[in-house]
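Have a look at the structure below, then the notes.
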Amino acid sequence: MLAQAVPAAATLPSDPVPADWVAVPDDELMVFTLANGHRFTVRLAPRYAPVHVANIRKLARAHWWDAGTSVYRLQDNYVAQWGDATEKKPLVAGVVANPPAEYSHAGPTTVARLSQRDPYAEWAGYSRDGWPLAGNGATEWVPHCYGMVGVARDLAPSTGSGAELYTVIGHSPRALDRNIAVVGRVIDGVEWLSSLPRGTGDLGFYKTVGERSPIVSARLASELPAAERPRFEYRAADNARFVAWIASRENRAGPFFTVPAGGADICAALPPVRKAP
């Protein structure tokens, strides 16, 4: 029996058109390379944490992470954390040791929102340029969803310089919202962090140096040769197709889903990012 040709999928109202995919700027992409050769790419969020991100860019341009740093904490269902485990490595010139508390900002800047109230805020939605946001009134912030990158810090008034970073690798710890600066999102390679062995000490810190995963390189894509730069695109949210995509996330269709949810968690409906074709 000859195989039947599979018909092309019908175009849905939520399907993007080519113009909906927008290139992530090179200076918003940062590539970390581990000693085992695995890489993960962070998209930085200068709009929401400008001083912290400026620090991170200065550290990257100075190759600060290239020696003496590592992934030194893996707490199950929580975070993977990296930087200088000794906290003794000097920062580079021009880095602000204790930036402003860039935990929230004036808003709203959302161009599309979920239909239901967020458990941790009055609303949740999306910026045009592909960031999830939650907010109350005229204040908004980037929520602590899976893959989001935050700045590790000590107790207040410390805000963290950006030299010590972490990413969420478990259920979204939204209690951290508005308590820590969110500076980006791991958009590729998060599996190389989430699959590392869990820490053997308190709070997931590794007890020995040998358990850590050394970092050998951290580069802004804008600093790499053009042929070596990663290329990613985010899906713009300021159009009817994205609004339809939100509705499709809130009410799943198809033969498997027999009961619509009527809503979605912002962290379960993160704005799409893809490698540029």
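For Ala85, enumerate residues with amide H under 5 Å from its amide H, sequence gap 5+ or separate chain, H modeled in the peptide plane.
Ser70
Report the convex hull volume per residue for region 13-54, counting only C-alpha atoms, in Å³.
Once divided by residue count, the hull of region 13-54 is 129 Å³.
Please identify, among Gly162, Gly135, Gly263, the residue showing maximal mean-square fluctuation in a Gaussian network model of the chain using a 10 angstrom Cα cutoff.
Greatest mean-square fluctuation among the candidates belongs to Gly263.
At 7 Å along Cα-to-Cβ for each site, give me the label-to-label distance between Thr258 and Phe205 in nm.
Result: 5.1 nm between the two label points.
Mean 1/r over all different Cα pairs, inverted: what Kirkwood radius does region 1-112 give, in Å?
Evaluated on region 1-112, it is 18.4 Å.
Could you list Val53, Val190, Val183 in order of exposure, starting from the residue whose Cβ has the fewest other Cβ atoms within 10 Å?
In order of increasing Cβ crowding within 10 Å: Val190, Val53, Val183.
For a distance above 14 Å, tell me the whole-number percent of Cα pairs in region 163-208 that qualify.
62 percent
Under a Cβ-Cβ cut-off of 12 Å, what is the net charge of the residues other than Ser70 that fall near it, where Lys and Arg count +1 and Asp and Glu count -1?
Here the charged neighbours net out to -1.
With each pseudo-label sitting 7 Å past Cα toward Cβ, what's the Ala23-Arg47 distance in nm, one decimal?
It works out to 1.8 nm between the two label points.
Just how large is the dipole of the chain about the Cα centre, in debye to the nearest 20, putting +1 at every Lys and Arg Cβ and -1 at every Asp and Glu Cβ?
Dipole about the Cα centre, nearest 20: 180 debye.
Inverting the mean 1/r over all pairs of different Cα atoms, compute the Kirkwood radius of region 106-153 and quote it in Å.
In region 106-153 this quantity evaluates to 11.1 Å.
Contact order normalised by length for the chain, with contacts defined as Cα pairs under 8 Å and 6 or more residues apart; what percent is it?
Value for the chain: 29 percent.
Give me Rg/Rg_expected for the chain, where Rg uses Cα atoms only and Rg_expected = 2.2 N^0.38 Å with N residues.
In units of the globular-protein estimate, the chain measures up at 1.06.
Only helical DSSP H runs with n ≥ 4 go in: add -39500 (n - 2.57) per run for the chain, normalise by residue count and round the 222 nm mean residue ellipticity to 500 deg cm²/dmol.
When only DSSP H runs of four or more count, the value is -3000 deg cm²/dmol.
Using only the Cα atoms of region 130-217, what do you get for the radius of gyration and for Dmax, in Å?
Answer for region 130-217, Rg first and Dmax second: 14.4, 48 Å.
Along each of its three principal axes, how wide is the spread of alpha-carbon positions in region 55-176, in whole angstrom units, largest first?
Largest to smallest, the principal-axis extents are 47, 33, 27 Å.
Write down, largest first, the equivalent ellipsoid semi-axes of region 232-277 in whole Å, where each equals the square root of 5 times an eigenvalue of the alpha-carbon gyration tensor.
Equivalent ellipsoid semi-axes, largest first: 22, 12, 10 Å.
Enter the mean projected area of the convex hull around the alpha-carbon atoms of region 127-277, in nm², rounded to one decimal.
13.3 nm²
Bear in mind these aren't lab numbers, they're just calculated from the coordinates by the rules spelled out. Keep in mind it's a predicted model, so treat the numbers as computed, not measured. Ideal geometry is used to build each Cβ from the backbone, glycine not excepted, and the neighbour counts take in all protein chains shown.
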